[in-house]
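Here the structure is laid out as structure tokens; the discussion comes afterwards.
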Amino acid sequence: MILYNEGKTIKEEIKSFLNQARVPDEIVIVDSLSKDNTAKIIKSFKSRKIKLIEKKADIGTGRNIAIKKAKHEIILVTDGGCVLEKNWVKEMMKPFEENGSDVVGGIFLPMTKNVFEKAQGAVICKSPNEIDEKKFIPSSRSFGFKKKVWEDVGGYPKHEIGGEDTRFVLNIIEKGYKIKITKKAIVYWRMRPLKKFIRQFYLYAKGEVRTGNLAFPQLRPVLVASVAFPIYILLLIFTLLFFRDIFLILFFLPVLYFLYQGFKTARKIRDIRGLYWGFLLSFLKRFVYFSGIWAEALSGHKDVYRNENY
């Protein structure tokens, strides 16, 4: 695990490691020279299982450093700002030990404290019964693999903007490894304020372009939608100027779609206010994502990565 400025959350996260039904054999953490008290809090835990490495690194490089330093063959990965469900390690280890799996994907669910965060969680996190195990691409918030797999695919790509963990998983799939999804291995993930939510998906999109993720078959629908996005905007402008009736149809079709997403969100969180937040967050998620894809595609990769918590 690599961290940067996680002073507000790291104590609870480490406690969730140490309070596991099956405590990890070692907990390797790379702190990318945080400017807050992250390292101090980690050092306050006296467990010999915790190994802290203080080194400036991007996310992908930091993960590779931690994995290289790990002494065991089976590697379980999570992120900063998360909390592990008590049986996470136990459930992640089962496929390795009982079925001889090489790669295991857990799931992540939102940590929420208000309606906005519940709606955000409903928009970006799939519940266990919504996950199609054949199509699900695990996240490094809840992921595990044998070290030989990590070596075989060349480790995590260097993290420049985002998308490095998706590329890592796609590289594993391309190599022919089968990922066993275990829905009982749960990591809880903190939701972000609205501005950070927008930035998150904007950087995710730029990372998908920079890492080449959109070239993989698994993300082909995203590529098609991103190409259609500017065409749709141009059609809106053209029909507004010359064909108002067609413009109204083109305009209200996505409005109806996002209203549907709002209703789904309200039903999922059992709060009518989810209609508003579900509509808004679903729209923003897609708009900034497609905008980020085109911004990166047209920029020539000029943006410099800033090591920050997003």
Complete set of residues in the stretch 89-114 that are in contact with a Phe, Trp or Tyr (Cβ under 9 Å, 6 or more places away or on another chain) and either open to solvent by less than 10 Å² (accessible area, probe 1.4 Å) or among the acidic types (D, E) (or both): V89, M92, D102, V103, V104, G105, G106, I107
Tell me, please, whether a residue that is in a loop (DSSP other than H, G, I, E, B), open to solvent by 20 Å² or more (accessible area, probe 1.4 Å) and of a type in the set (A, V, I, L, M, F, W, C) can be found in the stretch 199-213. no
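Of all residues in the stretch 28-42, count the ones that are open to solvent by 10 Å² or more (accessible area, probe 1.4 Å), within 22 Å of the chain's Cα centre (by Cα) and without any contact (Cβ under 8 Å) to a residue 40 or more places away in the chain.
So the answer is 1.
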Cβ-Cβ distance below 7 Å, separation of 6 or more or different chains: which pairs start in the stretch 101-112 with a residue that is more than 12 Å from S139 (Cβ to Cβ) and of a type in the set (G, A, S) and end on one that is open to solvent by less than 10 Å² (accessible area, probe 1.4 Å) and not in a strand (DSSP E or B)? S101/P95
Using beta carbons and a limit of 6 Å, which pairs, at least six apart or on different chains, have the first residue in the stretch 116-137 and open to solvent by 30 Å² or more (accessible area, probe 1.4 Å) and the second one assigned to a loop (DSSP other than H, G, I, E, B)? K118/T112
Determine whether the stretch 55-64 contains at least one residue that is over 22 Å from the mean Cα position of the chain (by Cα), open to solvent by less than 60 Å² (accessible area, probe 1.4 Å) and at pLDDT below 95. no
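The values are calculated or read from the model by the stated rules, or taken from the named source; none is laboratory data. For clarity, every value in this text was computed on a predicted model and none was experimentally measured. Glycine gets a Cβ as well: all are built from the backbone with ideal geometry, and neighbour counts include every protein chain shown. Note: areas computed on protein heavy atoms with side chains; ligands, DNA, RNA excluded. Shrake-Rupley method; radii C 1.70, N 1.55, O 1.52, S 1.80 Å.
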